[in-house]
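Participant: Structure below; questions to follow.
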Amino acid sequence: MNMRILAVGAHPDDLEILCAGSLAKYAARGDRVFMAISTNGEVGSPRLPKEEIARIREREARASAAIIGAELHWLGYPDEFLYDNESTRHRYIDLIRETRPDVVITHDPLHDYHPDHLTTGQILWNIRVMTTVPNIKTKHPPCEKIPALYFMDTIAGINFSPEEYVDITATIETKRRMLAAHASQAEWLKDQYNMSYIEFMEICSGFRGLQAGVRFAECFRRSVTFPATSERLLP
Ligand SMILES: [Zn+2]
């Protein structure tokens, strides 16, 4: 039976760096993949004004999602200023109710480096059960079941203890193309962090592959909270 997968990143390009190889694997085997992005990435340029870089980044994110036939959900919160409050919780509950995933993949709410990453992961953890609760009303009807929640690797793998690996050797080229769709970030990441983002991704995927005994891998942690299932849902 085909599954429905929702991956939620804080910024346009996070999913490409951290889990796109796995998303490409899901898509290739016929699963339905949704990609959602919390913020509009509007600080990601050393020279373009906010509105302009946000527009460019949405276009880039849509081009990347299209490579694997994923449906993109652009939430559009301000970059660097995402908060866990009643309004954002309702928005993410409705995102889950609209996409009705079996599996949600998002940031680790404890160990990543960026507040928008932590907040995205924390909101999804907070609302996971609420998606099924009829008395919490949003635009779409409540889900029948609570989705399984996986946390993807942190940026550069810092402080992340992998529990499950996905061999992405067969999809690394797709992952590279998806990340390359975020062309505006080549300049920003070079300027801000002095790094080549494609090379950065390849080193991280190669290092996780080394740990897993394959050429390239991505890694995850299952959020095991009540009500939990032991079924493996990664591709
Ligand atoms: Zn990010």
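Participant: If you take the residues of the range 181-195 that are hydrophobic (A, V, I, L, M, F, W, C) and touching a residue at least 24 places away in the same chain (Cβ under 8 Å), which of them is surrounded by the fewest Cβ atoms within 10 Å (Cβ to Cβ)?
Facilitator: 183
Participant: For the range 43-50, indicate whether the set of residues that are in a helix (DSSP H, G or I), out of contact with any helix residue (DSSP H, G or I) (no Cβ under 6 Å at 6 or more places or on another chain) and within 16 Å of the ligand (Cβ to nearest atom) is non-empty.
Facilitator: There is no residue in the range 43-50 that is in a helix (DSSP H, G or I), out of contact with any helix residue (DSSP H, G or I) (no Cβ under 6 Å at 6 or more places or on another chain) and within 16 Å of the ligand (Cβ to nearest atom).
Participant: Also, I was wondering about something else. For the range 153-171, name all the residues that are closer than 15 Å to residue 216 by Cβ and in contact with an Asp or Glu (Cβ under 8 Å, 6 or more places away or on another chain).
Facilitator: 153, 162, 165, 166, 168
Participant: Okay, moving on. State whether one or more residues within the range 212-225 are among the hydroxyl-bearing types (Ser, Thr, Tyr) and either over 27 Å from residue 103 (Cα atoms) or part of a helix (DSSP H, G or I) (or both).
Facilitator: Scanning the range 212-225 turns up no residue that is among the hydroxyl-bearing types (Ser, Thr, Tyr) and either over 27 Å from residue 103 (Cα atoms) or part of a helix (DSSP H, G or I) (or both).
Participant: Does any residue of the range 73-84 turn out to be in contact (Cβ under 8 Å) with a residue 40 or more places away in the chain and part of a helix (DSSP H, G or I)?
Facilitator: No, that holds for no residue.
Participant: Can you tell me which residue in the range 104-113 is nearest to the ligand (Cβ to nearest atom), limited to those that are under 27 Å from residue 32 (Cα atoms) and not acidic (Asp, Glu)?
Facilitator: 107
Participant: State which residue is surrounded by the fewest Cβ atoms within 10 Å (Cβ to Cβ) when the search covers only the range 199-222 and only residues that are closer than 23 Å to residue 27 by Cα and small (Gly, Ala, Ser).
Facilitator: By that ranking, first place goes to 206.
Participant: Does residue 166 satisfy the condition of being closer than 18 Å to residue 24 by Cβ, touching a residue at least 12 places away in the same chain (Cβ under 8 Å) and assigned to a strand (DSSP E or B)?
Facilitator: Spelling it out, residue 166 is indeed closer than 18 Å to residue 24 by Cβ, touching a residue at least 12 places away in the same chain (Cβ under 8 Å) and assigned to a strand (DSSP E or B).
Participant: If you don't mind, another one. Return a yes/no flag: does the range 64-73 have any residue that is more than 25 Å from residue 177 (Cα to Cα) and not acidic (Asp, Glu).
Facilitator: no
Participant: Filtering the range 22-42 down to residues that are within 16 Å of the ligand (Cβ to nearest atom) and of a type outside the set (A, V, I, L, M, F, W, C), which residue is farthest from residue 194 (Cα to Cα)?
Facilitator: 38
Participant: Filtering the range 154-163 down to residues that are touching a strand residue (DSSP E or B) at 6+ places or on another chain (Cβ under 9 Å) and outside any helix (DSSP H, G or I), which residue is surrounded by the most Cβ atoms within 10 Å (Cβ to Cβ)?
Facilitator: The extreme case among them is 160.
Participant: Any idea which residue in the range 114-153 is farthest from residue 101 (Cα to Cα), counting only those that are of a type in the set (Val, Ile, Thr) and within 16 Å of the ligand (Cβ to nearest atom)?
Facilitator: Looking at the filtered set, the residue picked out is 119.
Participant: For the subset of the range 114-153 comprising residues that are surrounded by fewer than 21 Cβ atoms within 10 Å (Cβ to Cβ) and among the polar types (S, T, N, Q), which member is nearest to the chain's Cα centre (by Cα)?
Facilitator: Here the residue is 122.
Participant: From the set of residues in the range 1-21 that are away from the ligand (no atom under 14 Å from the Cβ) and touching a helix residue (DSSP H, G or I) at 6+ places or on another chain (Cβ under 8 Å), which is farthest from residue 146 (Cα to Cα)?
Facilitator: Restricting to residues being away from the ligand (no atom under 14 Å from the Cβ) and touching a helix residue (DSSP H, G or I) at 6+ places or on another chain (Cβ under 8 Å), the top hit is 21.
Participant: Separate question: Out of (1) farther than 23 Å from residue 230 by Cβ; (2) touching an Asp or Glu at 6+ places or on another chain (Cβ under 8 Å); (3) assigned to a loop (DSSP other than H, G, I, E, B), the odd one out for residue 134 is which?
Facilitator: (2)
Each reported figure results from applying straightforward, stated rules to the coordinates on display, with no laboratory input. Note that this is a predicted model, so its numbers are computed, not measured. Cβ atoms come from the backbone with ideal geometry, glycine included; neighbour counts cover every protein chain shown.
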